[in-house]
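Asks: Below you'll find the structure I mean.
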Amino acid sequence: MPEDIFLHLGQRIKEAREECGLTQQELADQTGRGLRHLQDIEKGRKNPSFDVLASFIKRLGISADELFYPDASEQEKQVQHFMGKFLACTEEERQIILKTLDCMAEQFISRHYKASDPQDYE
């Protein structure tokens, strides 16, 4: 892999860690990884194994796509970021999220139909 891929990978892990409000030590402890190893990954000096990446992805609630596809559109990145958070939740929490999103989407769709129906404004 080209070196700039490792730099991107490390930077994205660092950003996700900071978004979660975690220190390097906390992330290392919570994933069972060494602090120095995490530091080397964040600086792009190490090529992390699948197991290491999987533990970071799960704890940080990010999508693997966020790490491996840096050229994705901003909207794609936002969807993948959400999916990472979603997958880090329990099954019960996922069901709550899905029902909430479904309800919100239905409200938006209903507003579109009401806005286009002139009888609703009489």
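Asks: What FRET efficiency, computed as 1/(1 + (r/R0)^6) with R0 = 25 Å and r the Cβ-Cβ distance, is obtained for residue 113 and residue 82, rounded to the nearest 0.05?
Replies: Details: r = 26 Å, r/R0 = 1.04.
Efficiency, from the Cβ-Cβ distance: 0.45.
Asks: Let me ask something else about it. Please count, across the chain, the pairs of lysine residues with Cα atoms under 21 Å apart that sit 8 or more places apart or on different chains.
Replies: Total qualifying Lys-Lys pairs in the chain comes to 11.
Asks: Something else now. Among 107, 25, 39, which one moves the most in a GNM of the chain with springs linking Cα atoms closer than 10 Å?
Replies: The residue that fluctuates most here is 107.
Asks: Per residue of the chain, what 222 nm ellipticity follows from adding -39500 (n - 2.57) for every DSSP H run with n ≥ 4, rounded to the nearest 500?
Replies: Numbers: 7 runs with 89 residues, N = 122.
Only helices count here, giving -23000 deg cm²/dmol.
Asks: Neighbouring Cβ atoms within 10 Å as the yardstick, rank 37, 112, 8 fewest first. Walk me through the numbers before you get to the answer.
Replies: On the way: 37 13, 112 9, 8 17.
If I rank by nearby Cβ atoms, fewest first, I get 112, 37, 8.
Asks: With r defined as the distance between the Cβ atoms of residue 89 and residue 37 and R0 fixed at 30 Å, what FRET efficiency is calculated, to the nearest 0.05? Don't skip to the end; give the middle numbers.
Replies: Details: r = 27 Å, r/R0 = 0.89.
For R0 = 30 Å, the calculated efficiency reads 0.65.
Asks: Right, here's the next one. Treat every Asp and Glu Cβ in the chain as -1 and every Lys and Arg Cβ as +1, leave all other atoms uncharged, and give the resulting dipole magnitude about the Cα centre to the nearest 20 debye.
Replies: Once rounded to the nearest 20, the dipole reads 580 debye.
Asks: Moving on to the next point. Please report 83, 104 as a ranked list, fewest other C-beta atoms within 10 angstrom at the top and most at the bottom. Please report the intermediate quantities before stating the final value.
Replies: Details: 83 16, 104 10.
Least crowded to most crowded, the residues run 104, 83.
Asks: For segment 41-96, which trypsin sites (Lys or Arg not before Pro) are both in a DSSP coil and crowded by at most 16 other Cβ atoms within 10 Å?
Replies: Working: sites: 43, 45, 46, 58, 59, 77, 85, 94; in loops: 43, 45, 46.
Hits after loop and neighbour filter: 43, 45.
Asks: Sort all Cα-Cα distances of segment 3-88 into consecutive 5 angstrom bins from zero, then give the percent of pairs in each bin up to the one containing the longest distance.
Replies: For segment 3-88, the binned pair fractions read 3, 16, 28, 29, 17, 7, 1 percent.
Just so you know, all these numbers are worked out from the coordinates, no wet-lab data involved. Predicted, not measured: the structure shown is a model, and the values here were computed from it. Glycine also receives a Cβ, built like all others from the backbone with ideal geometry; neighbour counts cover every protein chain displayed.
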